[in-house]
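The values are calculated or read from the model by the stated rules, or taken from the named source; none is laboratory data. All values derive from a computational prediction rather than experimental measurement. Neighbour counts run over all protein chains shown; Cβ positions are idealised from the backbone, glycine included. Accessible surface is based on the protein model in full, side chains and every heavy atom, while ligands, DNA and RNA are left aside. Shrake-Rupley method; radii C 1.70, N 1.55, O 1.52, S 1.80 Å.
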Amino acid sequence: MPVASCQGSGNDLCFVIVQFETKMNRLFCTTLVKYPPRNVALPNRAVQWRRVISTTTSGWEANTKAAASDGEHYDIIIVGGGMVGTALACALGKNTRLHNKNILLLEAAASFKKPSTEQYSNRVSAISKGTYRLMKTIGAWEEIEQTRVKPVLKMQVWDACSDALITFNYDDFSENISWIVENDVLLASIYRQLESVPNVRVRYASKLASCELIRDGANRSTVHLADGEKLNCDLL
C-alpha cells in the first residue's frame, strides 16, 4: 500500500513523498507534486492570454497571406474536359456529400463544340452497364437517348487464324450487353448536366504546364497553367 507524507513549511516548496511498499522491494518517489510557496503573487494570467491570442492571430494572418500568394484555391481540380473528366466532375458535383466542395474542371480547348444533329460521327464508344448506370445517376442518359444511341444485344469475337470464336449475349436476348454512343453526343449530354451543378466551374483555354503533388512532398497540390497562373487544391 502507498504511504504519503508531506515535508517543508513556511514559504519553502512543499514536496509530497509517496512510498510504495511491495513484497519484493521498496520504491521511493520524491518529486511528484510541487506546490507554490504561500503569499507569493501569481502572474497576471490575462496578460499571458493576450500574448497567446496575439501570437495565434499573427500566425493565422501570416498563413492567410501565404495562402493568398499561392494562387486561387479549390477543393478539387480536374485536368481535362474529355468524357472521363466531365463525367467525374458531374458525378462529384452532384454527390450530396460533396455539395459544399469547390470543384474546378480545366479544359484546354477554347470552347465546347456542340455535336451535329444531322451528321453521324465515326468516333464512338461501347458503353458498359456500369457506365450506363453512371449516366443515369448524373442525369445524362435521358438526353443521350433523345439524341442517338444504339443498343448491342449480341457480340461475337473470332480468331483470324482459326475457327475459334466466343459469343456474348443474354438468354433470349432479354437484356442489352452494351450501347454504342457517339463520343460527341455523350460529352454534350454530360456538359449540359454540368450547367446545373453550382459547385463545379469549367474553365476553357486552360492548358496545364506542370503540377506539384502532395504525394511527392509538396504541402498542397499545385497546378501551373501555360499562361503562368497558379492554382492549388486539396485533391488533383
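In the range 83-135, what residues are assigned to a strand (DSSP E or B), out of contact with any Asp or Glu (no Cβ under 8 Å at 6 or more places or on another chain) and more than 21 Å from residue 177 (Cα to Cα)?
104, 105, 106
Residues of the range 223-236 being open to solvent by 40 Å² or more (accessible area, probe 1.4 Å) and either within 15 Å of residue 107 (Cβ to Cβ) or not in a loop (DSSP other than H, G, I, E, B) (or both), which ones?
Taking the range 223-236 as the starting set, the residues that turn out to be open to solvent by 40 Å² or more (accessible area, probe 1.4 Å) are 224, 226-230, 234-236.
224, 226, 227, 229, 230, 234, 235 - these are the residues of the range 223-236 that are open to solvent by 40 Å² or more (accessible area, probe 1.4 Å) and either within 15 Å of residue 107 (Cβ to Cβ) or not in a loop (DSSP other than H, G, I, E, B) (or both).
So, of the residues in the range 166-179 that are of a type outside the set (Ser, Thr, Tyr) and under 39 Å from the mean Cα position of the chain (by Cα), which turns out to be surrounded by the most Cβ atoms within 10 Å (Cβ to Cβ)? Before the answer, list the steps.
The first filter runs over the range 166-179 and keeps only residues of a type outside the set (Ser, Thr, Tyr), leaving 166, 168-169, 171-173, 175-177, 179.
Within this subset, residues satisfying the condition of being under 39 Å from the mean Cα position of the chain (by Cα) are 168-169, 175-177, 179.
Details: 168: 12, 169: 15, 175: 11, 176: 16, 177: 16, 179: 22.
Applying the filter and picking the extreme gives 179.
Can you tell me which of 127, 78 is surrounded by 13 or more Cβ atoms within 10 Å (Cβ to Cβ), modelled with pLDDT of 95 or more and among the hydrophobic types (A, V, I, L, M, F, W, C)?
78
Can you find even one residue in the range 197-214 that is modelled with pLDDT under 90 and of a type in the set (Val, Ile, Thr)?
yes
Of all residues in the range 187-196, how many are more than 14 Å from residue 111 (Cα to Cα) and crowded, with 17+ Cβ neighbours inside 10 Å?
Of the residues in that region, 4 qualify.
Does residue 199 satisfy the condition of being open to solvent by 80 Å² or more (accessible area, probe 1.4 Å) and under 30 Å from the mean Cα position of the chain (by Cα)?
no
Quickly run through the range 140-165 and pick out the residues that are in contact with a helix residue (DSSP H, G or I) (Cβ under 7 Å, 6 or more places away or on another chain) and open to solvent by less than 80 Å² (accessible area, probe 1.4 Å).
Once the filter is applied, which keeps residues that are in contact with a helix residue (DSSP H, G or I) (Cβ under 7 Å, 6 or more places away or on another chain) and open to solvent by less than 80 Å² (accessible area, probe 1.4 Å), the range 140-165 yields 140, 141, 143, 144, 147, 148, 153.
Among the candidates 111, 121, 116, single out the residue that is of a type in the set (Ser, Thr, Tyr) and within 30 Å of residue 225 (Cα to Cα).
None of the others qualify; the one that does is 111.
Right, residue 93: surrounded by 12 or more Cβ atoms within 10 Å (Cβ to Cβ), closer than 21 Å to residue 209 by Cβ and within 20 Å of the chain's Cα centre (by Cα) or not? Break it down stepwise before answering.
Working: surrounded by 12 or more Cβ atoms within 10 Å (Cβ to Cβ): yes; closer than 21 Å to residue 209 by Cβ: no; within 20 Å of the chain's Cα centre (by Cα): yes.
Considered against the rule, which asks whether it is surrounded by 12 or more Cβ atoms within 10 Å (Cβ to Cβ), closer than 21 Å to residue 209 by Cβ and within 20 Å of the chain's Cα centre (by Cα), residue 93 comes out as no.
Here's a check for you: in the range 202-222, which residue that is hydroxyl-bearing (Ser, Thr, Tyr) and under 15 Å from residue 80 (Cα atoms) is most open to solvent (accessible area, probe 1.4 Å)? Before the answer, list the steps.
Let us first name the residues in the range 202-222 that are hydroxyl-bearing (Ser, Thr, Tyr), namely 204, 206, 210, 221-222.
Now restrict to residues that are under 15 Å from residue 80 (Cα atoms): 204, 206, 210.
Details: 204: 79, 206: 10, 210: 54 Å².
Among those residues, the one meeting the criterion is 204.
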